[in-house]
Amino acid sequence: MHHFEKIARGLADQGLDAMLLTGEANRFYASGFHSAGTDGVALVTKEKAYYFTDSRYTEAAERCVRDAEIQEVGRGRWYPVLLEEAVKRHNIVRMGYEDAYMTVRDYESYRKALSCELVPAAEFLWRLRMVKDPEELEAMEGAQRIAEAALEQILGEIRPGVTEKEIAARLQYRMLHLGASDMSFDPIVVSGANGSLPHGVPSEKTIQDGEFVTMDFGCVYHGYCSDMTRTVAVGHVTEEMRRVYDTVLTAQKAGIAAARAGVTGREVDGAARRVIEEAGYGPYFGHSFGHGVGVEIHEAPNAAPSVETALPAGAVISAEPGIYLPGKLGVRIEDVIILTEDGCRNLTRAPKELLVL
């Protein structure tokens, strides 16, 4: 799975002769090969692609990377040297770089070493990554199935006396055991009053009877992320708990119903937000309806009040409204959906009607 050709096809429209990829996510997107941190550089020109790495990764890159020349750095021939050779070989005048990822120090190093103009172009890659191809969607579905299987297995372990940290640890173990290569992000497991913290950190707090437990988690499979949130109750629920839960679920369904290619992120967010506002909980829904998911857990496009641009077909976004009552409780329900011309397809199969364990 790689996208060298897709990047190369877009260079001319951006007024670029080449694109330099130094960030971990975009290197993987281009090459299908994962190396950590700054351990690798890819260069895409109109005629040819290159993948530069050191001896720790050379053999692995040669096994994985297709349609690119592998070059090994070292012995005084570091990334800027090999890149400058490619600049001269391909007569590169304007080279895009990832301004949203590259450090100032690295930028200065490349600027001094390369005899071409460096042009900020992170958004070029973000736009390409918005629209998923069938292989990407297959990987994302695989990641989603793993997360859902882990949830199904963990439900029987959620009971009074178990801590938030224990549930978070067991979720991670189960996703890895089921085939994930990593977590999409550190799982969020919060209960009771901690549920009002949208991105609360799992603690030693024990789960109590009559509390909600919110679990926001996902995993990486073949380089792509899953993301989901389920809120369950333990023992029993109050009328207020049920009212908040039902409001969030109704809001999520309204947002999903409004989601399709061609509408703005603001319109999708607004469809869900109106439900919560009309129920009197408007001040307690502070984040957006959703964000893009793919190689990174948060990427373009977003379904947010500030997004006035149309969402493209083939984009994958989360659908995650929530209500958070400070010091009392919180509820969030999250699916991941693929936008189509006439609506959307929900990648998430896990039930989301209120579950009382």
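Bear in mind these aren't lab numbers, they're just calculated from the coordinates by the rules spelled out. This structure is a prediction, so every number in the text was calculated from the model and none was measured. We place every Cβ from the backbone using ideal geometry, glycine too, and count neighbours over all the protein chains shown.
Summary table below
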quantity	calculated
Cα-based shape type of the stretch 222-357, given that a ≥ b ≥ c are square roots of the gyration tensor eigenvalues and the cut on a/c is 1.5	prolate
Among 120-128, 241-249, the order from most to least packed when residues are scored by Cβ within 10 Å on average	241-249, 120-128
Estimated distance in nm for a label pair at Ser203 and Glu152, the labels positioned 7 Å out from Cα along Cα-to-Cβ	3.4
Dipole of the chain, positive end: most advanced residue of Pro202, Gly343, Val293 [Cβ charges, Cα centre]	Val293
Straight-distance crosslink candidates among lysines, where the alpha carbon sits under 25 Å from Lys352 and sequence neighbours closer than 8 are dropped	Lys165, Lys205, Lys253, Lys328
Dipole of the chain, positive end: most advanced residue of Tyr173, Ile158, Met130 [Cβ charges, Cα centre]	Met130
Nearest-20 debye value, the chain charge dipole, Cβ charges on Lys, Arg, Asp, Glu	180
Within straight-line cross-link reach of Lys132, lysines at Cα separation under 16 Å, skipping those fewer than 8 residues along the same chain	Lys6
Stretchable slack from Arg345 to Thr238, in nm (0.36 nm times residue separation minus alpha-carbon distance)	35.2 nm
Computed label-point distance, nm, for sites Val263 and Glu278 using a 7 Å Cα→Cβ extension	1.4
Which of Val234, Val190, Thr58, positive extreme of dipole for the chain (C-beta unit charges)	Thr58
Whole-number D in µm²/s for the stretch 29-73 (Stokes-Einstein; Kirkwood sum over Cα pairs; 4 °C, 1.567 mPa s)	124
Full-stretch length increase - Ala313, Val356 - with 0.36 nm per residue and alpha-carbon distance subtracted	11.8 nm
With 10 Å bins from 0: P(r) over the stretch 1-131, alpha-carbon pairs, percent	13, 50, 34, 3, 0
Semi-axis lengths (Å, descending) of the ellipsoid that matches the C-alpha gyration tensor of the stretch 155-264	24, 23, 11
Size of charge dipole - the stretch 97-162 - debye, nearest 20, with Cβ of Lys, Arg +1 and Asp, Glu -1, no other charges	280
Student exercise, the stretch 259-357 dipole from Lys, Arg, Asp, Glu Cβ charges, in Debye to nearest 20	260
Rg and Dmax [Cα atoms of the stretch 216-263; Å; Rg one decimal, Dmax integer]	15.2, 44
Computed over the stretch 52-115, Cα set: Rg, Dmax in Å	12.9, 33
Normalised per residue, the volume of the convex hull around the Cα set of the chain (Å³)	141
